[in-house]
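Let me begin by presenting the structure, written as structure tokens, before commenting on it.
The values are calculated or read from the model by the stated rules, or taken from the named source; none is laboratory data. Just so we're clear, the structure is a prediction, and the values are computed from it rather than from any experiment. Reconstructed Cβ throughout: ideal geometry from the backbone, glycine too, with neighbour counts over all protein chains shown. Areas reflect the complete protein model, heavy atoms only, side chains present, ligands, DNA and RNA absent. Shrake-Rupley method; radii C 1.70, N 1.55, O 1.52, S 1.80 Å.
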Amino acid sequence: QVRLVESGGGLVQAGGSLRLSCAASGTLVSINAMGWYRQGPGKERELVAGITSTGSTNYGDSVKGRFTISRDNAKNTVYLQVNNLKPEDTAVYYCNARVRLRYGGPEYNYWGQGTQVTVSS
């Protein structure tokens, strides 16, 4: 089985920064798209940022210019650098990955357990 484990969340003041990490482990042959989603209190889960295996990125409108997604394919790890944090960024941040378990097989969607980011004003 594949596990995604996030780290790097915490409590930070407005204007501060954090670096979130998500490492995939288990038996797999490739990881295609990876991404970060978040779910704030009383809100639906939303896309924060995504990155393909070749490095193409996309961002949610509310984080453009402040957040940067990157990945290390050799380590099966995706990162999210979050800068200039705002109280409205407070949420549980979830890692997502599209994983192929065997050559020629289908992709499966995996989620991490989430890491809490709390921004104080």
Point-to-point label distance, Leu47-Leu11, nm (Cα→Cβ direction, 7 Å offset) | 3.4
What FRET efficiency do you get for Asp61 and Thr118 if R0 is 30 Å and r is their Cβ-Cβ distance, rounded to the nearest 0.05?
-> 0.85
May I ask you to list the chymotrypsin sites (Phe, Trp or Tyr not before Pro) in region 11-59 that are in a DSSP loop and have at most 12 other Cβ atoms within 10 Å of their Cβ?
-> none
Starting from the Cα of Lys43, draw a straight line to each of the lysines and keep only those under 19 Å, dropping any in the same chain fewer than 8 residues away.
-> Lys86
Of the accessible area of region 1-85, computed with a 1.4 Å probe and all protein chains kept, carbon and sulfur make up a percent value of 45
